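*Asks:* Take a look at the following structure, please.
Read the figures in this text as sums done on the coordinates, not as results from a lab. For clarity, every value in this text was computed on a predicted model and none was experimentally measured. Here Cβ is always computed from backbone atoms with ideal geometry, including for glycine, and neighbour counts include all displayed protein chains.
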Amino acid sequence: MKKTDFLVTGGYGFIGSSLIRNLLSNDHSVINVDKLTYSSNINSLETLEDEKKYRFYKEDICNEKALFAIFDKYRPLNVIHLAAETHVDRSIDGPENFINSNILGTYNILNASYLFWKSLNDNEREKFKLILVSTDEVYGSLSSDDVPIDENGLYKPNSPYSASKAASDHLGRAWFKTYKLPVIITNTTNNYGPWQFPEKLIPLTINKCLKYEKIPVYGDGSQIRDWIYVEDHVTGILKVIEEGNIGEKYNIGANNEIRNIDVVELICSILDNLKPMKDNLKYNSLINYVDDRPGHDSRYSLDNNKIKNLGWEPKFTWKKGLEKTIKWYIDNSEFLEKDVNKIYSGERLGRIT
Ligand code: NAD
């Protein structure tokens, strides 16, 4: 393979696999670099025979040498960096992996991209882009009367996870400002959809319902998150690659703020219709309030006007996306079974992000 359209990191994760499914279905060639941590799933991408279209490297992005060799061999036109440790609870109990993968790992991606980019001719250098996929959590917690935060919002991360992602964003900005590396940063809201590791709120709730187990809800469940269907996030990333400005940031959200308890209640009521419990019981009878997460942010909300001005719109309504998601987990219940022993078993067992 001489040139590859996309190098994706974290491509066996929840969002990365959705991105690669999209890219391959649009006939792009893809290199996937993933360490295969607990949250990855190798079944989320069909095995492809055509090595010209898809190659996978089981590699840690902290391994600088391996990254250089992959860049050198596959000469990507675009790099989309998603690989990260992603679960807030795990970051509270064990921040080290987050510092390594999310800060040192991003530094390595920047460094490898920069050395590669410098080696390109003018025409190729003009086209190259590095997208760093980040989170709304870097902006910290909003109060109920704050307006949704735009790309100029101050960074106020509150958890080791969000602090590590904020550091990653700052490195990206610095590599653009200092070295002119064509970096674009995207900050997205809570994603939902198929293939998400079942320690996150939506698959966790579905999993608990399907097993008739207690559904843990942090505090009083009043925390507000802004939800986007994963395929909409993916089209947002691709829109930013096509139309976005180098060196800028783009929020990718769907203007869909919901309280955690309302997310859980809606899942329960959809399941009451799709898979009624015995004896006229309702799934919301399984709801169990548990002690709140330390430093739990009360609200995230993104202003998405900048990406909308590029001509992007989310396609999935909340109800449609959630129903599709729930049906997928019902039809693929072996996914929930297979990795159940890997679900976080620390002090904060069963709590939600
Ligand atoms: P995920 O946990 O499902 O997947 C992460 C992937 O990265 C896994 O396949 C894992 O094996 C890989 N990985 C982790 N550390 C690695 C390393 N050192 N080297 C190589 N691969 C490594 O995460 P996700 O939900 O798909 O999130 C992807 C990106 O999007 C992350 O950067 C995350 O911060 C960001 N994000 C996610 C959400 C969300 O709601 N899921 C919201 C905002 C931002």
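*Asks:* Condition first: under 20 Å from Gly11 (Cβ atoms) and either acidic (Asp, Glu) or not in a loop (DSSP other than H, G, I, E, B) (or both). Now tell me which residues in segment 200-218 satisfy that.
*Replies:* Filtering segment 200-218 for residues under 20 Å from Gly11 (Cβ atoms) gives 200, 203.
The answer is Pro203, and nothing else.
*Asks:* Looking at (1) over 19 Å from the mean Cα position of the chain (by Cα); (2) basic (Lys, Arg); (3) outside any loop (DSSP other than H, G, I, E, B), which one does Lys52 not meet, given that it meets all the others?
*Replies:* (3)
*Asks:* Select from segment 79-107 the residues that are more than 7 Å from the ligand (Cβ to nearest atom) and among the acidic types (Asp, Glu) and list them in ascending order.
*Replies:* Asp89, Asp93, Glu96
*Asks:* Counting only residues that are farther than 22 Å from Glu96 by Cα and touching a residue at least 12 places away in the same chain (Cβ under 8 Å), which one in segment 37-48 is farthest from the ligand (Cβ to nearest atom)? First the steps, then the outcome.
*Replies:* In the first step, residues of segment 37-48 are kept if they are farther than 22 Å from Glu96 by Cα; the result is 41-48.
Keeping just the survivors that are touching a residue at least 12 places away in the same chain (Cβ under 8 Å) gives 41-45, 48.
On the way: Asn41: 8, Ile42: 9, Asn43: 12, Ser44: 9, Leu45: 11, Leu48: 17 Å.
The residue in question is Leu48.
*Asks:* Looking only at segment 37-45, decide whether some residue is in contact with a helix residue (DSSP H, G or I) (Cβ under 6 Å, 6 or more places away or on another chain) and crowded, with 18+ Cβ neighbours inside 10 Å. Even if it seems obvious, please write down each step before you answer.
*Replies:* Here is the first cut: in segment 37-45, the ones in contact with a helix residue (DSSP H, G or I) (Cβ under 6 Å, 6 or more places away or on another chain) are 38, 44-45.
Those left that are additionally crowded, with 18+ Cβ neighbours inside 10 Å: 44-45.
The answer is yes; a qualifying residue exists.
*Asks:* Which members of segment 219-266 meet the condition of being outside any helix (DSSP H, G or I), closer than 30 Å to Ser285 by Cβ and of a type in the set (Val, Ile, Thr)?
*Replies:* If the condition is that a residue be outside any helix (DSSP H, G or I), closer than 30 Å to Ser285 by Cβ and of a type in the set (Val, Ile, Thr), then Ile224, Ile228, Ile258 are the ones that fit.
*Asks:* Kindly establish whether Leu171 is touching a strand residue (DSSP E or B) at 6+ places or on another chain (Cβ under 7 Å), over 23 Å from Trp328 (Cα atoms) and either within 15 Å of the ligand (Cβ to nearest atom) or of a type in the set (D, E, K, R) (or both).
*Replies:* When the stated conditions are applied, Leu171 does not pass them.
*Asks:* Counting only residues that are hydroxyl-bearing (Ser, Thr, Tyr) and in contact with a strand residue (DSSP E or B) (Cβ under 6 Å, 6 or more places away or on another chain), which one in segment 8-24 is nearest to the ligand (Cβ to nearest atom)?
*Replies:* First, the residues of segment 8-24 that are hydroxyl-bearing (Ser, Thr, Tyr): 9, 12, 17-18.
So of that shortlist, the ones also in contact with a strand residue (DSSP E or B) (Cβ under 6 Å, 6 or more places away or on another chain) come out as 9, 12.
On the way: Thr9: 6, Tyr12: 4 Å.
Within segment 8-24, the match that is nearest to the ligand (Cβ to nearest atom) is Tyr12.
*Asks:* Output yes when any residue across segment 112-134 is within 15 Å of the ligand (Cβ to nearest atom) and part of a loop (DSSP other than H, G, I, E, B), and no when none is.
*Replies:* no
*Asks:* Sticking with this structure for a sec: Please state which one of Asp5, Asp34, Asp27 is within 10 Å of the ligand (Cβ to nearest atom) and of a type in the set (Asp, Glu). Give the derivation first.
*Replies:* On the way: Asp5 fails: within 10 Å of the ligand (Cβ to nearest atom); Asp27 fails: within 10 Å of the ligand (Cβ to nearest atom).
Every option except Asp34 fails the conditions.
*Asks:* Tell me, yes or no, whether segment 49-65 has at least one residue that is farther than 22 Å from Trp195 by Cα, more than 9 Å from the ligand (Cβ to nearest atom) and not charged (D, E, K, R).
*Replies:* no
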